[in-house]
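Student: Input: one structure, supplied below.
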Amino acid sequence: MKQYYQTNFKAYHKRTFFVDPSLFLNPFVNALSQNASVLDIGCGSGRDLLWLKNQGFQVTGFEQSPGLADLARKHAACEVIEGDFETFDFTTFSFDAILASGSLVHLPQNRLSQVLENIKQALNQNGIFYISLKQGDNFRTDQTQRIFYLWQESELKELFSTLNFDIIHISNTESVMNSKEGWLGYVLKCNHLK
């Protein structure tokens with residue numbers, strides 16, 4: 001999976017960069033304080049970074065693909081950290097909010113909890129976390145051979161409760177790129193002591 005985004009970063013950028021993120025990010029933004037600091041996990045080529053920066057937020061990107069990270073730096077003119085969110089040490093960070101918009105869709109169900117536990121270490125106390133995942137059962141493979149793991153709302157509610165997240169907002173929307181796909185979006189408040 002990692003290889004796909006490293007070798008096809010230009011095609012991925014072309015397909016995703018011009019989607020208007022306000023359609024799914026407005027509930028997240030509404031939960032943030034003015035000038036909040038935001039870490040965008042799996043920021044891709046910087047679409048959401050740029051949009052959030054234009055809303056007045058202090059943004060930092062996090063991306064595994066060097067090609068996408070370079071594009072994000074150019075588009076959003078901000079710091080973009082290169083790393084793997086499964087192994088990166090997030091404990092030294094202090095962000096008001098974390099955005100994981102579609103970036104965790106390739107994680108199998110049995111690994112998502114551990115990854116969220118790792119990433120949320122970057123959040124300040126009572127920080128806001130946005131996550132969106134594809135809706136459905138089990139997994140599916142697309143024409144590029146990428147595997148997408150699918151979720152039901154009941155599974156995610158149980159997972160978030162276990163991780164001490166309170167759900168502030170839930171959205172259930174059709175994909176703006178493929179109306180046959182459903183997305184579950186959650187704005188969460190983290191109840192942990194840093």
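The values are calculated or read from the model by the stated rules, or taken from the named source; none is laboratory data. Remember, predicted model here, so these are calculated numbers, not experimental data. Glycine gets a Cβ as well: all are built from the backbone with ideal geometry, and neighbour counts include every protein chain shown.
Student: Report the residue count in the stretch 173-194 for those that are modelled with pLDDT under 85 and either assigned to a strand (DSSP E or B) or closer than 22 Å to Lys120 by Cα (or both).
Tutor: Here is the first cut: in the stretch 173-194, the residues modelled with pLDDT under 85 are 173-181, 191-194.
If we keep only those that are either assigned to a strand (DSSP E or B) or closer than 22 Å to Lys120 by Cα (or both) too, we end up with 173-174, 191-194.
The qualifying residues number 6.
Student: Does His169 qualify as being touching a residue at least 40 places away in the same chain (Cβ under 8 Å), within 14 Å of the chain's Cα centre (by Cα) and either within 25 Å of Ser37 (Cα to Cα) or not in a helix (DSSP H, G or I) (or both)?
Tutor: Details: touching a residue at least 40 places away in the same chain (Cβ under 8 Å): yes; within 14 Å of the chain's Cα centre (by Cα): no; either within 25 Å of Ser37 (Cα to Cα) or not in a helix (DSSP H, G or I) (or both): yes.
The answer is no for His169.
Student: Against the definition (among the polar types (S, T, N, Q) and modelled with pLDDT of 95 or more), how does Ser65 come out, yes or no? Working first, answer last.
Tutor: Working: among the polar types (S, T, N, Q): yes; modelled with pLDDT of 95 or more: no.
It is false that Ser65 is among the polar types (S, T, N, Q) and modelled with pLDDT of 95 or more.
Student: Inside the stretch 85-114, can you point out the residues that are of a type in the set (Ser, Thr, Tyr) and exposed (fewer than 13 other Cβ atoms within 10 Å of the Cβ)? Talk me through it step by step, then tell me what you get.
Tutor: Of the residues in the stretch 85-114, the ones of a type in the set (Ser, Thr, Tyr) are 87, 91-92, 94, 101, 103, 113.
Answer for the stretch 85-114, where residues must be of a type in the set (Ser, Thr, Tyr) and exposed (fewer than 13 other Cβ atoms within 10 Å of the Cβ): Thr87, Thr91, Thr92.
Student: Looking at (1) out of contact with any helix residue (DSSP H, G or I) (no Cβ under 9 Å at 6 or more places or on another chain); (2) among the β-branched types (Val, Ile, Thr); (3) closer than 17 Å to Trp183 by Cα; (4) surrounded by 21 or more Cβ atoms within 10 Å (Cβ to Cβ), find the lone condition where Ile119 falls short.
Tutor: Every condition holds for Ile119 apart from (3).
Student: Which condition does Ile131 not pass, out of (1) in a loop (DSSP other than H, G, I, E, B); (2) free of Cβ contacts under 8 Å to residues at least 60 places away in the same chain; (3) out of contact with any Lys or Arg (no Cβ under 8 Å at 6 or more places or on another chain); (4) not polar (S, T, N, Q), if it passes all the others?
Tutor: If we test Ile131 against (1) in a loop (DSSP other than H, G, I, E, B); (2) free of Cβ contacts under 8 Å to residues at least 60 places away in the same chain; (3) out of contact with any Lys or Arg (no Cβ under 8 Å at 6 or more places or on another chain); (4) not polar (S, T, N, Q), just (1) comes out false.
Student: One residue is enough: does the stretch 124-132 have a residue meeting the conditions surrounded by fewer than 19 Cβ atoms within 10 Å (Cβ to Cβ) and in contact with a Cys (Cβ under 8 Å, 6 or more places away or on another chain)? Explain how you work it out, then say what you get.
Tutor: So the first thing to find is which residues in the stretch 124-132 are surrounded by fewer than 19 Cβ atoms within 10 Å (Cβ to Cβ), and the list is 124-126.
Subsequent filtering for residues that are in contact with a Cys (Cβ under 8 Å, 6 or more places away or on another chain) retains 125-126.
The answer is yes; a qualifying residue exists.
Student: May I ask you to verify whether Lys120 is outside any loop (DSSP other than H, G, I, E, B) and out of contact with any Leu (no Cβ under 8 Å at 6 or more places or on another chain)? Walk me through how you get there before you give the answer.
Tutor: Values: outside any loop (DSSP other than H, G, I, E, B): yes; out of contact with any Leu (no Cβ under 8 Å at 6 or more places or on another chain): no.
In short, no.
Student: (1) more than 22 Å from Gln34 (Cα to Cα); (2) surrounded by fewer than 20 Cβ atoms within 10 Å (Cβ to Cβ): which one isn't true of Leu68, the others all being true?
Tutor: Only one criterion is unmet by Leu68, namely (2).
Student: Determine the pairs where a residue that is under 18 Å from Val115 (Cβ atoms), located within the stretch 39-61, has a partner that is assigned to a loop (DSSP other than H, G, I, E, B) and small (Gly, Ala, Ser) with Cβ atoms under 7 Å apart, the partner being 6 or more residues away or on another chain.
Tutor: Taking only residues 6 or more apart or on different chains, the pairs are Ile41/Ser103; Gly42/Ser103; Gly61/Gly46.
Student: Which of (1) under 26 Å from Leu50 (Cα atoms); (2) not in a loop (DSSP other than H, G, I, E, B) does Val105 not meet, given it meets every other one?
Tutor: (2)
Student: Find the residue count for the stretch 48-74, including only residues that are among the acidic types (Asp, Glu) and either out of contact with any Phe, Trp or Tyr (no Cβ under 9 Å at 6 or more places or on another chain) or outside any helix (DSSP H, G or I) (or both).
Tutor: Taking the stretch 48-74 as the starting set, the residues that turn out to be among the acidic types (Asp, Glu) are 48, 63, 70.
From what is left, the residues that are either out of contact with any Phe, Trp or Tyr (no Cβ under 9 Å at 6 or more places or on another chain) or outside any helix (DSSP H, G or I) (or both) are 48, 63.
The total comes to 2.
Student: Then there's this: Only one of Arg111, Arg140 is free of Cβ contacts under 8 Å to residues at least 40 places away in the same chain, part of a helix (DSSP H, G or I) and not polar (S, T, N, Q); which? Break it down stepwise before answering.
Tutor: On the way: Arg140 fails: part of a helix (DSSP H, G or I).
Of Arg111, Arg140, the one residue that is free of Cβ contacts under 8 Å to residues at least 40 places away in the same chain, part of a helix (DSSP H, G or I) and not polar (S, T, N, Q) is Arg111.
Student: Another question, if that's okay. Answer yes or no: is there a residue in the stretch 6-14 that is of a type in the set (A, V, I, L, M), surrounded by fewer than 22 Cβ atoms within 10 Å (Cβ to Cβ) and modelled with pLDDT of 95 or more.
Tutor: First, the residues of the stretch 6-14 that are of a type in the set (A, V, I, L, M): 11.
After this cut, where a residue has to be surrounded by fewer than 22 Cβ atoms within 10 Å (Cβ to Cβ) as well, the list is 11.
Then drop every residue that is not modelled with pLDDT of 95 or more, which leaves none.
No, because not a single residue in the stretch 6-14 is of a type in the set (A, V, I, L, M), surrounded by fewer than 22 Cβ atoms within 10 Å (Cβ to Cβ) and modelled with pLDDT of 95 or more.
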